[in-house]
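Enquirer: Before anything else, here's the structure in question.
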Amino acid sequence: TPDAVTRASPAWDAGTPVVTGGTVDGAALMARTRARLAADDSPVHVLTGGTAEDLGRRACEAAVPRVPADTPILLKPNIGGFNWFKNPKRSGGDDGLRGRTTDPAFVRGVIRCLKARGHTRLTLAEGWGAMPKDWQRLMKVSGYGALAEAEGIPMVALQDDGVFDVQGDQPGKPLAVSGLEGTGVETALMPKALAEHLAHGLVISLPKIKAHRFAVFSAGLKGMQGTVYYSDAAPAYLQRWRTHRELGPWRRKKKAGEPAPVAEFVAALEVFADRIAALMLLEAPHVVLAEGAPAMSGDGFVVLTPTPEPVAIAGTHPVKVDRVVAAYLGLWDNAALAAELGGHRTSPVLTAAAAKLGLDLTTVKVEGDGADLLDRPRPYHLKSMAGFEIRGTTAGAPAAGPPADDRPTVTAVALGADAVTLDGRADEPVWARATPAVWTTDFAGETTPHRTEVRFAWAPDGLYLHATLHDTGLNTDRSKPVGVERFQLYKEDCLELFLDPDPSTPNAYLEIELGPFGHVFDLKVNLAARPREDMAWNSDARVATTQDPSGRVATIEAKLTNRAITAALRPGALLPLGLFRMEGKGRRAYLAWSPPRTAKPKFHVPEAFGRLRLE
């Protein structure tokens with residue numbers, strides 16, 4: 001059958017053949033790529049917020065050029081970039097793919113965007129170095145088989161595996177490429193489907209944004225390794241390792257326990273980078289829509305550190321898209337990386353590709369509602385197979401939120417022999433010992449008339465707080481019972497506390513909202529999860545309040561006793577803490593102790609949190 005996986009639709013008509021005697025004109029394709037990219041001055045779009053499907057749709061709308069509806073379009077997600085399958089029951093829910101490969105929901109968003117434009121000649125394709133039976137398993141586990149069937153489009157493997165190179169339109173058939181002399185990839189072949197779409201259609205790369213243990217990071221450029229064959233041996237699709245073949249001797253030394261100098265690793269990476277740059281000239285996609293919902297720092301395979309916010313990074317210039325991806329991951333102009341990787345301040349893959357084009361990557365035009373993410377120091381984490389691991393926050397551009405060393409810190413005094421009676425009066429001696437966190441600023445750092453003071457104390461059985469809200473209108477629906485959780489309390493006046501009991505997971509924290517009349521709304525947040533919010537979580541808060549309407553003041557006393565909180569309470573602990581306040585009707589005030597300095601009100605910016613120090 002034309003579609004060996006889903007049988008969802010017949011293979012598209014490729015139109016006029018682009019090969020003569022089974023050969024692709026590589027020189028012509030490379031010349032076309034150079035001309036196209038030299039003329040491409042379009043921006044890279046950084047989009048944030050919403051679901052993975054939302055981001056896929058928006059990325060498509062922002063970056064995919066308008067072409068005739070009958071244009072054949074090849075969609076190439078990253079599905080094969082993982083070690084191997086895992087049994088979720090034995091691996092804490094990890095199937096081995098999630099977080100490493102492109103989210104099919106993101107791809108669904110792209111597909112539906114294209115269908116809304118009238119496109120019907122769509123093909124999903126990926127190259128992977130495994131057997132046909134493993135491909136079938138991959139389609140089932142990854143969700144791509146179900147996606148292709150539901151959307152009515154073929155899903156094909158770009159490989160000469162005895163299935164996709166012989167059935168139907170033979171999308172995986174390897175074609176010879178002429179004009180590769182002196183490129184470093186002289187024996188490269190090209191999958192037939194890719195060659196035909198490069199010549200007569202549109203190729204959209206849909207990579208996963210992640211740090212990478214070898215290439216430093218993986219996005220559009222590194223993703224091209226999944227579309228190359230080599231003629232050195234058969235089958236050609238199992239020769240993809242030859243792109244990084246110089247790494248083999250270094251890995252064998254390391255496995256045998258012999259000295260494996262980082263300099264040899266770097267040399268292998270530099271050769272690999274040159275080959276990828278050469279392949280970029282040959283196979284550069286027309287569009288890159290990179291999925292980061294969330295993106296992953298770490299090593300891309302075993303160590304996965306989700307980024308705080310979901311993003312899509314999209315554009316028509318693959319090198320510029322990768323440049324923005326590098327900045328987003330904190331792996332552009334990174335001094336810590338340079339100290340470990342032979343002076344390279346970003347991925348050699350990126351710099352080699354830019355050198356091929358004579359491209360200056362110092363600045364790149366960026367647009368979109370997530371563009372301001374790059375205007376602040378970025379958290380980074382890379383665990384390299386070379387044996388080093390770097391983690392931190394980049395320096396440079398003004399931060400959305402203060403740099404880590406300048407973030408405010410408030411101390412929770414030890415309760416000791418003192419006691420707290422929760423009555424809303426806060427007249428116990430312990431509160432005289434506690435220095436308050438004080439602020440009048442809003443989310444953007446602008447001064448407001450609303451002053452807030454919050455003091456903390458702690459004992460092994462709970463975290464105490466005493467908050468004073470000045471210039472408050474007491475905007476609260478008092479018809480709602482205090483003893484029942486007040487869903488969406490943030491729509492009224494309230495104090496919000498974001499506490500991270502485990503600083504090693506900056507994207508996961510606890511949110512407790514306390515109203516001036518004692519209402520409570522609490523939840524657990526994980527920005528990398530779907531859904532992001534666990535409404536069932538309970539802080540076990542005990543709350544007492546008093547109000548002075550004429551003086552426009554409210555006092556809140558509370559004790560938080562949930563085990564997730566008390567387990568983190570120990571002398572000297574330093575916990576990420578966000579303190580916020582919602583105030584007013586109509587024109588709302590979004591008040592912040594450590595302002596995230598975002599373009600619009602947004603409290604869920606963990607890198608801008610202050611800190612709670614336990615005495």
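The values are calculated or read from the model by the stated rules, or taken from the named source; none is laboratory data. Since this is a predicted model, take the numbers as computed values, not measurements. All Cβ positions, glycine included, derive from the backbone under ideal geometry; neighbour counts span all protein chains shown.
Enquirer: Looking at (1) surrounded by fewer than 19 Cβ atoms within 10 Å (Cβ to Cβ); (2) in contact with an Asp or Glu (Cβ under 6 Å, 6 or more places away or on another chain); (3) closer than 22 Å to GLY330 by Cα, which is the only condition VAL262 fails?
Expert: Of the numbered conditions (1) surrounded by fewer than 19 Cβ atoms within 10 Å (Cβ to Cβ); (2) in contact with an Asp or Glu (Cβ under 6 Å, 6 or more places away or on another chain); (3) closer than 22 Å to GLY330 by Cα, the odd one out for VAL262 is (2).
Enquirer: Oh, and also: I need the full set of residues from segment 435-472 which are assigned to a loop (DSSP other than H, G, I, E, B) and under 24 Å from ASP418 (Cα atoms), in order please.
Expert: Within segment 435-472, THR435, PRO436, PRO460, ASP461 meet the criteria.
Enquirer: While we're looking at this one, here's another question. Considering (1) among the acidic types (Asp, Glu); (2) modelled with pLDDT under 90; (3) out of contact with any Phe, Trp or Tyr (no Cβ under 7 Å at 6 or more places or on another chain), say which one GLU151 fails and leave the rest.
Expert: (2)
Enquirer: Within segment 54-90, can you find the residues that are under 27 Å from ARG137 (Cβ atoms) and in contact with a strand residue (DSSP E or B) (Cβ under 9 Å, 6 or more places away or on another chain)?
Expert: Of everything in segment 54-90, those that are under 27 Å from ARG137 (Cβ atoms) and in contact with a strand residue (DSSP E or B) (Cβ under 9 Å, 6 or more places away or on another chain) turn out to be GLY56, ILE73, LEU74, LEU75, LYS76, PRO77, ASN78, ILE79, GLY80, GLY81.
Enquirer: Go through the residues of segment 327-347 one by one and say whether even a single one is of a type in the set (Val, Ile, Thr), at pLDDT 95 or above and part of a helix (DSSP H, G or I).
Expert: No - not one qualifying residue is present in segment 327-347.
Enquirer: Among the residues in segment 480-490, are any in contact with a helix residue (DSSP H, G or I) (Cβ under 7 Å, 6 or more places away or on another chain), of a type in the set (A, V, I, L, M, F, W, C) and in contact (Cβ under 8 Å) with a residue 24 or more places away in the chain?
Expert: no
Enquirer: Sticking with this one: What is the number of the single condition among (1) in contact (Cβ under 8 Å) with a residue 60 or more places away in the chain; (2) farther than 30 Å from GLY50 by Cα; (3) acidic (Asp, Glu); (4) surrounded by fewer than 22 Cβ atoms within 10 Å (Cβ to Cβ) that GLU196 does not meet?
Expert: The number of the failed condition is (4).
Enquirer: OK, next. In segment 481-495, how many residues are surrounded by fewer than 20 Cβ atoms within 10 Å (Cβ to Cβ) and touching a Phe, Trp or Tyr at 6+ places or on another chain (Cβ under 9 Å)?
Expert: Total satisfying the criteria: 5.
Enquirer: Within the group GLY572, GLY584, which residue is out of contact with any strand residue (DSSP E or B) (no Cβ under 6 Å at 6 or more places or on another chain) and either crowded, with 17+ Cβ neighbours inside 10 Å or not assigned by TED's automatic domain parsing to the domain that holds ARG451 (or both)?
Expert: GLY584 is the lone residue from the list that is out of contact with any strand residue (DSSP E or B) (no Cβ under 6 Å at 6 or more places or on another chain) and either crowded, with 17+ Cβ neighbours inside 10 Å or not assigned by TED's automatic domain parsing to the domain that holds ARG451 (or both).
Enquirer: Another question, then. Here's a check for you: in segment 537-593, which residue that is assigned to a strand (DSSP E or B) and among the basic types (Lys, Arg) is farthest from the chain's Cα centre (by Cα)?
Expert: Filtering first and then ranking leaves ARG542.
Enquirer: Scanning for something farther than 30 Å from GLU607 by Cβ and out of contact with any strand residue (DSSP E or B) (no Cβ under 9 Å at 6 or more places or on another chain), does segment 463-477 turn up at least one residue?
Expert: Looking through segment 463-477, at least one residue is farther than 30 Å from GLU607 by Cβ and out of contact with any strand residue (DSSP E or B) (no Cβ under 9 Å at 6 or more places or on another chain).
Enquirer: If I filter segment 42-86 down to residues being among the hydrophobic types (A, V, I, L, M, F, W, C) and in a loop (DSSP other than H, G, I, E, B), which single residue comes out as surrounded by the fewest Cβ atoms within 10 Å (Cβ to Cβ)?
Expert: Selected residue: TRP84.
Enquirer: Are any of the residues in segment 68-77 over 15 Å from LEU202 (Cα atoms) and under 19 Å from the mean Cα position of the chain (by Cα)?
Expert: Within segment 68-77 (the criterion being over 15 Å from LEU202 (Cα atoms) and under 19 Å from the mean Cα position of the chain (by Cα)), the answer is no, since none of the residues qualifies.
Enquirer: Here's a check for you: in segment 210-235, which residue that is among the hydroxyl-bearing types (Ser, Thr, Tyr) and under 19 Å from THR316 (Cα atoms) is nearest to the chain's Cα centre (by Cα)?
Expert: Top of the filtered list is SER218.
Enquirer: State whether one or more residues within segment 473-493 are assigned to a helix (DSSP H, G or I) and either within 20 Å of ARG570 (Cβ to Cβ) or not aliphatic (A, V, I, L, M) (or both).
Expert: Yes: segment 473-493 contains one or more residues that are assigned to a helix (DSSP H, G or I) and either within 20 Å of ARG570 (Cβ to Cβ) or not aliphatic (A, V, I, L, M) (or both).
Enquirer: Turning to a different aspect of this structure: Among PRO171, PRO154, PRO207, PRO191, which is the only one that is more than 30 Å from the chain's Cα centre (by Cα) and in the same structural domain as THR71 (by TED's automatic domain parsing)?
Expert: So the residue among PRO171, PRO154, PRO207, PRO191 that is more than 30 Å from the chain's Cα centre (by Cα) and in the same structural domain as THR71 (by TED's automatic domain parsing) is PRO171.
Enquirer: List pairs: first in segment 444-465 and of a type in the set (Lys, Arg), second assigned to a strand (DSSP E or B), Cβ under 6 Å, 6+ apart or cross-chain?
Expert: These pairs meet every condition: ARG451/THR440; ARG451/HIS470; ARG455/HIS466.
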